[in-house]
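The values are calculated or read from the model by the stated rules, or taken from the named source; none is laboratory data. Please read all numbers here as calculations on a predicted model, not as lab measurements. FYI the Cβ positions are ideal-geometry reconstructions off the backbone, even for glycines, and counts take in every protein chain you see. Areas reflect the complete protein model, heavy atoms only, side chains present, ligands, DNA and RNA absent. Shrake-Rupley method; radii C 1.70, N 1.55, O 1.52, S 1.80 Å.
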Amino acid sequence: MKRSIPIALLLLLVLLSCQKTIPTIDLLSLSMDEPLEKVVYAGKENVLIGISTMEAPNSLAVWVSDSPNYSIDGYALDVVDVYFKIHSKVATETLKKRMESGTGGASIDMKPAKSNEAIRKLLAEFKADPNVYACMIQLKDKDIPEVGKRLMARYGKGTKNPNSDNGIYWDLKKENKFVLFAPDYSYLTIINKTTVSKTCYYDGFNGIIDFGGCDKEQYMKDFYK
């Protein structure tokens with residue numbers, strides 16, 4: 001005699017089979033010019049978009065918090081915060097006004113994006129490009145040694161960052177990217193070189209880096225314009 005499957009169990013099995021597993025995004029495999037909608041899962045994880053002058057001082061910040069959906073060279077990260085950067089006229093103007101008024105420093109003004117439609121509306125509100133150009137990953141302490149090993153296995157020894165004890169960076173000409181590893185501050189930064197300075201880079205965790213021919217004084221003046 002055949003046993004029938006309980007209806008409640010059958011419905012549960014159907015629901016589980018219909019749910020799509022969110023694929024993990026390998027951040028090193030990105031060219032960092034992807035549409036924002038392709039690198040975040042709005043509605044399925046916590047996504048905030050807006051001004052964050054610490055992680056993205058003159059760019060629009062897209063903060064994905066406590067996400068289990070990212071990896072580095074195939075290494076699955078523990079839940080991490082990822083800050084994607086997008087060029088934005090409003091973000092740049094906001095920083096300029098803060099500096100001119102003497103109210104510079106860290107500030108955060110971000111709004112939740114719970115759908116791709118919400119993403120598009122916020123990008124329009126901030127007069128922002130649709131594509132990202134960089135990201136900063138705030139690593140957990142336990143992930144830092146493995147990430148460092150994988151970076152060096154993939155890109156070589158790298159160049160010592162003179163601004164920190166253990167910082168390393170890579171100028172990847174073939175991939176058209178800068179990769180900056182700042183283990184002292186638990187950050188990994190990946191940048192598409194197309195729309196940024198080819199000679200200088202600055203953020204609060206890496207300091208000013210000279211990739212060759214950098215006029216640091218002029219760069220910082222332009223940075224805050």
Probe 1.4 Å, heavy atoms of protein chains only: per residue, the accessible area of the range 75-225 in Å² is 52 Å²
For the pair Tyr185 and Glu45, the simple spin-label estimate (label points 7 Å beyond Cα toward Cβ) gives in nm 2.2 nm
Label-point separation (nm) for Lys157 and Glu117, each offset 7 Å from Cα along Cα-to-Cβ? 5.6 nm
Of Lys127/Lys216; Lys38/Lys142; Lys111/Lys221; Lys85/Lys111, which ones are farther than 18 Å apart at the Cα? Lys127/Lys216; Lys38/Lys142; Lys111/Lys221
Calculate the spin-label point distance for Phe211 paired with Thr194, positioning each point 7 Å from the Cα along the beta-carbon direction, and give it in nanometres. 1.4 nm
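Could you please state how large a percent of the accessible area of the range 21-222 is carbon and sulfur, counting protein chains only and using a 1.4 Å probe? Before the final figure, lay out the partial values.
On the way: 4840 of 9610 Å².
Summing carbon and sulfur atoms, their accessible area is 50 percent of the total for the range 21-222.
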Can you give the net charge of the other residues whose Cβ lies under 12 Å from the Cβ of Arg150, counting K and R as +1 and D and E as -1? -2
Starting from the Cα gyration tensor of the range 21-222, take the square roots of the eigenvalues, sort them a ≥ b ≥ c, and report rounded, prolate or oblate (rounded when a/c is under 1.5, otherwise prolate if a/b is larger than b/c, else oblate). oblate
Leaving out ligands and nucleic acids, and using a 1.4 Å probe, what accessible area per residue does the range 22-68 come to in Å²? 36 Å²
